[in-house]
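Below is one structure, written out as structure tokens; the observations come after it.
The values are calculated or read from the model by the stated rules, or taken from the named source; none is laboratory data. Please read all numbers here as calculations on a predicted model, not as lab measurements. Quick reminder, even Gly has a Cβ in these numbers, built from the backbone with ideal geometry, and neighbours come from all protein chains shown. For the accessible areas, the whole protein counts, side chains as well, though only heavy atoms, and no ligand, DNA or RNA atoms are used. Shrake-Rupley method; radii C 1.70, N 1.55, O 1.52, S 1.80 Å.
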Amino acid sequence: MMTQEQCSHRNNVQSSEKPQVYKVGIYGWRKRCLYFFVLLLMILILINLALTIWILKVMNFTIDGMGNLRITEKGLKLEGDSEFLQPLYAKEIQSKPGRPLFLQSSRNVSVNIVNSNNQLLTQLITGSSGFKARGKMFEVKSTSGKLLFSADEQEVVVGAERLRVMGAEGAVFSKSVETPHVRAEPFKELRLESPTRSLLMEAPKGIQILAEAGDIHAICRNELRLESKDGQISLDAQRIRLMGLPVGVASPSSSSSGTRPNVYEVCVCPNGRLFLSQAGTGSTCQMNDSVCL
């Protein structure tokens, strides 16, 4: 057992010693590293803040928008030239009142109209190769709403008062053409020609061919027919010339009846063919096998 003297001696020794103090915190090289990282973080924050302010200044960020882009109640408003690197989807694109709208591309400009299933309905392409339009119908109207041109799968309609073809070779039609009037320009020729096929003109109430200050030429390679089913064919002119008619051989009886030189009589074969026969005091038209057959 510990005696009373030992206990009192121990208490005196403990009371004579100084109390120990335990330090709480970061000291030494850890503290210096912490200050360094805090300083580096503040520098990065200042740099980011300066870059943000510079970007806002350069891009002209405002409450209404960014740069030439303004946000209005009706949508977006772009001022100046704009470049789109990806497809643009918009309900309406319009320019300022009184200012033109330019669409420019280094390759082509395409306008596509699709339905709810993303199927192409109408397409408009303008490129270096030309202008292409795809759709069910194509119409061109004047400012007053009058139809000038219309095209679909069934027909092509020209609603203008006059259709003018300026090409040197004229107009080529692979099918039929329906028009009430075909007229050339003043002091110009009008030529209707079919190089490899036939040329047919039909009208329920008649066809009128008129040349007020010139000639009318009808040229064909084989046969030229003038046929009237219910009426007649009239040749009304001061002079009627039939060129290239064959000349029949006069029979001995007709040659002895006193023929007139350089005077001929127009004869008609039973098949309708015309030929010339040297005129005499009487009719010299006789059946000529070399002409009528």
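Worth pointing out:
- Spatial offset of segment 50-65 relative to segment 223-248 amounts to 92 Å, using the alpha carbon center of each.
- Computed from phi, the 3J(HN,Hα) profile of segment 125-130 under the Karplus parametrisation 6.51, -1.76, 1.60 (θ = phi - 60°) reads 10, 10, x, 5, 7, x Hz, with x in place of Gly and Pro.
- Here the peptides 278-284, 121-127 are ranked by packing, the mean other Cβ count within 10 Å, and the order with the highest first is 278-284, 121-127.
- Counted by Cβ distance under 10 Å from Leu124, the other residues give a net charge of +2, where Lys and Arg count +1 and Asp and Glu count -1.
- Ignoring lysines fewer than eight residues from Lys31 along the same chain, the ones with Cα atoms less than 22 angstrom from its Cα are Lys23.
- Full extension of the chain segment joining Leu148 with Trp54 gains 28.2 nm, where the gain is 0.36 nm per residue of separation less the Cα-Cα distance.
- Under 5 Å, built H, 5+ apart or other chain: amide partners of Thr122: Ile113
- In order along segment 54-70, the Karplus-derived 3J(HN,Hα) couplings, from 6.51 cos²θ - 1.76 cosθ + 1.60 at θ = phi - 60°, round to 5, 5, 4, 6, 5, 7, 6, 6, 9, 5, 7, x, 9, x, 7, 9, 10 Hz, and Gly and Pro are given as x.
- For Glu185, the shell of other residues with beta-carbons less than 15 Å away shows a net charge of +2, using +1 for Lys and Arg and -1 for Asp and Glu.
- Mean accessible surface per residue for segment 24-80, computed with a 1.4 Å probe while every protein chain stays in place, in Å²: 94 Å²
- With K and R counted +1 and D and E -1, the other residues having a Cβ less than 15 Å from that of Met201 yield a net charge of +2.
- Cβ charges +1 (Lys, Arg) and -1 (Asp, Glu), total dipole of segment 24-80, debye: 340 debye
- Segments 45-51, 64-70 sorted - mean Cβ within 10 Å per residue, highest first: 64-70, 45-51
- Rounded to whole Hz, the Karplus (6.51, -1.76, 1.60) HN-Hα couplings of segment 136-146, x for glycine and proline: 6, 8, 10, 10, 10, 10, 7, 5, 7, x, 6
- Available extension along the chain between Lys31 and Asp81 is 12.4 nm, counting 0.36 nm per residue and deducting the alpha carbon span.
- Charge dipole magnitude, Cβ of K and R +1, D and E -1 - segment 106-162, Cα centre, debye nearest 20: 240 debye
- For Phe61, the amide hydrogen comes within under 5 Å of the amide hydrogens of Gly67, counting only partners 5 or more places away or on other chains and with H modelled in the peptide plane.
- Under 5 Å between amide hydrogens, built in the peptide plane, is the criterion, and for Tyr264 it picks out Ala279 among residues at least 5 positions away or on other chains.
- Cα centre as origin, Lys/Arg/Asp/Glu Cβ charges: segment 126-225 dipole, Debye: 280 debye
- Of the trypsin sites (Lys or Arg not before Pro) found in segment 108-143, the ones in coil according to DSSP and having at most 16 other Cβ atoms within 10 Å of their Cβ are Lys136.
- Added length on full extension, which subtracts the Cα-Cα distance from 0.36 nm per residue, Ala160 to Ile45: 34.2 nm
- A 1.4 Å probe run over the protein chains yields, for segment 103-161, 87 Å² of accessible area per residue, whole-number rounding.
- Ranked by the mean number of other Cβ atoms within 10 Å per residue, highest first, peptides 172-179, 26-33 order as 26-33, 172-179.
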